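K.L.:
One structure coming up, written as structure tokens, with questions to follow.
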Amino acid sequence: MADEEKTMPEIPKGQPFIKTEMIDPIFMMQYDACTRCGECEKWCPALDAKDGDRKYSPMNKISRFREYMGRSYGLKAKLFGSKRLDEDDIQDFADAFFHCSTCGVCATVCEAGINTVDMYEATRQQLVMRGNGPYGKTVNFPKLIGEYRNPYLKQQSQRLDWIPDDVEIAEKADVAYFAGCTAGFNQQVLGVCTARVLNHLNVPFIYLGEEEWCCSSAIIRTGQPHKGDIPKITALHNVEALEAKGVKQVMFACAGCYRVATIDWPKQIGRKPNFEVVHVADLLAQLIQEGKIEWKKSFDNKIITYHDPCHLGRHCGVYETPRVVLDNLPGLKFVEMDRIKGLQRCCGAGGGVKAGIPDMALDIASERIRDAQAVKADILSSCCPFCRRNIGDGRDSVYDQVGSTNYDLRDNPDNEMQVEDMIVLVAELMGLSTKIKSQEEEEEKLDHLKDKV
Amino acid sequence: MSDFVYYSGIPSFVVMLGIAMVAIVIFLVGMYLNMKKWGNGSASHFLSVFLKKINHEKYGHHPRQSLLSTIFLDIMLQRRILRRSPFRWVMHMLIFIGWIGMFVLSMVFAMFEMLHLVGIGNIDLNVTRNSLDFANEILGYMLLIGLIIAIVRRLAISDVSKRTQMFDWVLVLGTLVITITGFMAEGFRPDAITGAWTFLGANIELAQAFALFHVTISLLFCIAYIPYSKYMHMLAAPMVILVNGGGE
Ligand code: SF4
Ligand code: SF4
Ligand code: SF4
């Protein structure tokens, strides 16, 4: 590093060491608005997961960046030139900066009203442009999504593969179902259950199929939107494709896609799309309240709790409708955990953390499992495939710990908690199949074999 | 004691005016540099974005609240702090009201002094000052109590003391010095009619020295220093709350 520094040219007078062209003037001002009250430190899941190492504190990161800005743009920098910053220090700062799930609880509690999430994302972009990010595997997102239109290396022609034979997709309808890549490729049970529930409720819907492109959430959250402009291209494509179908509503069951459609699409394309963005929980809650849902099955007096996905709750303000749904599921007693709604504890998957820093994602998810254990929940439900996956992993890790370290399970030692998405529970209690196409095909093959034998 | 020697508590109003001018110029230069920094090299770009965003549409289900609610509830009553910690809110409000209140009263008195100097109206400055004494005293104590709470909090609460930096101390201790010298200047004043600090005893020289010191560092620390320090949050935070419609 020292040698590198020697060979690096002096920054000419007036030229800053860290540029800021990607950071909106309001976000820049936000760095100076922090009162250093420390409230965000009490809530940050990343700081908790890092055992309080203050390098990961939101307040500390804000102070560090403000300091860099001061050295680059302050009075001294104006008079004597921008001060050379230590590259190792900047890299250390950037690493800490990417250890954040962009959950936004620091924004909710911030006494200065700082919109941290957007500010972090813009700053991440600046750091990426400078060569100080992103973190780990997340660097592949723009290439994958740019090339394949999804992050899972699948061909667009495979977009329809998840649809089982019993699911009816309309040619024309007022509603479109935007499944997203995760429900379409990776956790197909969510797509299958959503489609079956909509069919069951007589809500005709269209599906873009090969024309559905990734929402690009992962690229935006990790500060890489400038790489090929993918979020803008995919937003424009998806919005235009949906508008061309003449739909009035676009239905989402994935919190990440819903957040992008609600907040990022209008920003990317510079206008609001000509359709309403709806989460499937909104529709279900409405139908439940109108008494239009009939349940065919019931749980056996189990306790259920709900984890607000940050992308659905804190980012978009949808808190009540999933609760209405879960509270009305037969045979379940709904209880609230600690830290819910605006003050929810993130599961730790967002902001590229699951892909880039899986250990930290797991540690944060384990904390969420402990919150659910504290209220003796049998089922921990959410409305987001990423929460489902990561909290599920957290559950496995906590129960592994029980075996190895005798972790205190708060009087609930044998209760292996079920982590399940709301839509799967709904489908199950409506008496619908929750099997995905490949499982059904497998079963068919087995039956066939049995018949032969 | 002639009127001219002892108006605002310093020997010459002109001296104070000169220091005020310097402080304001330093402040404006600092603000310009900050706005330039925020606006990616252009202060006017920052200003135009700022003005545009005050009423921009918020996407998502958080509707933008009215501008009046933001100004009254979130900026003046600092509701966001109250939600998180009533204790911290009391501390903040004491400092905020004390600081702003005394600033406003100082401006009012300075205006009377100017009117008196140019001979408009028949103003008796001693009477005017004495009539403001009580309010000044109350506001001064609010500020002092708020600062003492802030200091004790930073020393006694381990979480807070761990994250406290020099940066934070400069602000708190600087304001404390200003507050105490203000009380001392008042206490030494021979014609002070109220105030617990009269125990210091009348001493016109000391009163004038403390008053000059108090006014000078008040202007330099509380105005000129703002854009170059943590004090900046006093302006930036309300501006942020304004554009973010009260915050998330
Ligand atoms: S967004 Fe969440 S994880 Fe990131 S700094 Fe804020 S509280 Fe911590
Ligand atoms: S809560 Fe807001 S003002 Fe307080 S330290 Fe954190 S970022 Fe700064
Ligand atoms: S996976 Fe869910 S809780 Fe976790 S970051 Fe994403 S939306 Fe938030």
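The values are calculated or read from the model by the stated rules, or taken from the named source; none is laboratory data. Remember, predicted model here, so these are calculated numbers, not experimental data. Glycine also receives a Cβ, built like all others from the backbone with ideal geometry; neighbour counts cover every protein chain displayed. When the accessible area is computed, the model is the full protein with side chains, heavy atoms only, and any ligands, DNA or RNA have been set aside. Shrake-Rupley method; radii C 1.70, N 1.55, O 1.52, S 1.80 Å.
K.L.:
Under 7 Å between Cβ atoms, which residue pairs at least 6 apart in sequence (or on different chains) link something in region A:36-52 that is under 29 Å from B:VAL170 (Cα atoms) with a partner that is surrounded by 21 or more Cβ atoms within 10 Å (Cβ to Cβ) and of a type in the set (S, T, N, Q)?
P.N.:
A:GLU41/A:SER57; A:CYS44/A:SER57; A:LEU47/A:SER57
K.L.:
Something else: Whether any residue in region A:232-240 is within 23 Å of A:VAL203 (Cα to Cα), at pLDDT 95 or above and hydrophobic (A, V, I, L, M, F, W, C) is what I want to check.
P.N.:
yes
K.L.:
Right, another one. Failed condition for A:GLY52, given (1) more than 25 Å from A:LYS354 (Cα to Cα); (2) more than 12 Å from ligand 2 (Cβ to nearest atom); (3) modelled with pLDDT under 95, with all others met?
P.N.:
(1)
K.L.:
Taking the stated definitions as given, is A:ARG159 more than 16 Å from ligand 1 (Cβ to nearest atom) and not assigned by TED's automatic domain parsing to the domain that holds A:ILE423?
P.N.:
Answer is yes for this residue.
K.L.:
Looking at region A:314-323, can you tell me whether even one residue there is touching a Gly at 6+ places or on another chain (Cβ under 8 Å), away from ligand 2 (no atom under 16 Å from the Cβ) and open to solvent by 30 Å² or more (accessible area, probe 1.4 Å)?
P.N.:
yes
K.L.:
Could you list, in sequence order, the residues of region A:33-58 that are open to solvent by less than 10 Å² (accessible area, probe 1.4 Å) and more than 9 Å from ligand 1 (Cβ to nearest atom)?
P.N.:
If the condition is that a residue be open to solvent by less than 10 Å² (accessible area, probe 1.4 Å) and more than 9 Å from ligand 1 (Cβ to nearest atom), then A:ALA33, A:ARG36, A:GLY38, A:GLU39 are the ones that fit.
K.L.:
Kindly indicate whether A:GLY38 is within 20 Å of B:ILE157 (Cα to Cα) and either more than 11 Å from ligand 2 (Cβ to nearest atom) or at pLDDT below 90 (or both). Break it down into steps so the answer makes sense when it comes.
P.N.:
On the way: within 20 Å of B:ILE157 (Cα to Cα): yes; either more than 11 Å from ligand 2 (Cβ to nearest atom) or at pLDDT below 90 (or both): no.
Judged against the criteria, A:GLY38 is not a match.
K.L.:
Looking at B:ILE10, B:ILE19, B:ILE26, which one is surrounded by 15 or more Cβ atoms within 10 Å (Cβ to Cβ) and either within 11 Å of another protein chain (Cβ to nearest Cβ) or modelled with pLDDT of 95 or more (or both)?
P.N.:
When all the criteria are applied, what remains is B:ILE26.
K.L.:
Before we move on, is A:MET69 more than 14 Å from ligand 1 (Cβ to nearest atom), open to solvent by less than 10 Å² (accessible area, probe 1.4 Å) and facing chain B (nearest Cβ under 8 Å)?
P.N.:
Here the answer is yes, as A:MET69 does meet what is asked.
K.L.:
Quick one: how many residues across region A:70-101 are modelled with pLDDT of 90 or more, out of contact with any Lys or Arg (no Cβ under 6 Å at 6 or more places or on another chain) and aliphatic (A, V, I, L, M)?
P.N.:
2
K.L.:
Something else about it: What are the residues in region A:94-119 that are among the hydroxyl-bearing types (Ser, Thr, Tyr), open to solvent by less than 10 Å² (accessible area, probe 1.4 Å) and within 11 Å of ligand 2 (Cβ to nearest atom), if any?
P.N.:
A:THR116, the sole residue that qualifies.
K.L.:
Next question, about the same structure. In region B:135-248, which helices (runs of 4 or more DSSP H) lie fully inside it and hold 3 or more residues that are open to solvent by less than 50 Å² (accessible area, probe 1.4 Å), modelled with pLDDT of 85 or more and touching a helix residue (DSSP H, G or I) at 6+ places or on another chain (Cβ under 8 Å)?
P.N.:
On the way: elements: B:158-163, B:166-188, B:204-219, B:233-243.
Where helices (runs of 4 or more DSSP H) fall fully within region B:135-248 and carry at least 3 residues being open to solvent by less than 50 Å² (accessible area, probe 1.4 Å), modelled with pLDDT of 85 or more and touching a helix residue (DSSP H, G or I) at 6+ places or on another chain (Cβ under 8 Å), they are B:166-188, B:204-219, B:233-243.
K.L.:
Here's a check for you: in region A:340-389, which residue that is open to solvent by 10 Å² or more (accessible area, probe 1.4 Å) and within 14 Å of chain B (Cβ to nearest Cβ) is farthest from ligand 1 (Cβ to nearest atom)?
P.N.:
Only one residue fits best here, namely A:LYS341.
K.L.:
Residue by residue through region A:144-164, note down the ones that are of a type in the set (D, E, K, R) and in contact (Cβ under 8 Å) with a residue 60 or more places away in the chain. Reasoning before the result, please.
P.N.:
Step one: list which residues in region A:144-164 are of a type in the set (D, E, K, R), which gives A:147, A:149, A:154, A:159, A:161.
Selection gives A:ARG149, A:ASP161.
K.L.:
Further, regarding this structure: Go through region A:72-86 and report how many residues are open to solvent by less than 30 Å² (accessible area, probe 1.4 Å) and either among the charged types (D, E, K, R) or more than 10 Å from every other protein chain (Cβ to nearest Cβ) (or both).
P.N.:
Taking region A:72-86 first, the residues open to solvent by less than 30 Å² (accessible area, probe 1.4 Å) are A:72-74, A:77, A:81-82, A:85.
Of the ones still in play, those that are also either among the charged types (D, E, K, R) or more than 10 Å from every other protein chain (Cβ to nearest Cβ) (or both) are A:81-82, A:85.
Selection size over region A:72-86: 3.
K.L.:
Hey, could you check region A:390-403 for residues that are charged (D, E, K, R) and closer than 26 Å to A:GLU428 by Cα and say which is most open to solvent (accessible area, probe 1.4 Å)? Before you say what the answer is, go through the steps one by one.
P.N.:
Start the filter on region A:390-403 by keeping residues that are charged (D, E, K, R), which leaves A:393, A:395-396, A:400.
Add one more test, that the residue is closer than 26 Å to A:GLU428 by Cα, and what stays is A:393, A:395-396.
Working: A:ASP393: 49, A:ARG395: 44, A:ASP396: 67 Å².
That would be A:ASP396.
K.L.:
So which helices (runs of 4 or more DSSP H) are wholly in region A:103-198 and hold at least 1 residues that are away from chain B (no Cβ under 14 Å) and touching a Pro at 6+ places or on another chain (Cβ under 7 Å)?
P.N.:
Fully inside region A:103-198 and qualifying: A:116-130, A:141-148.
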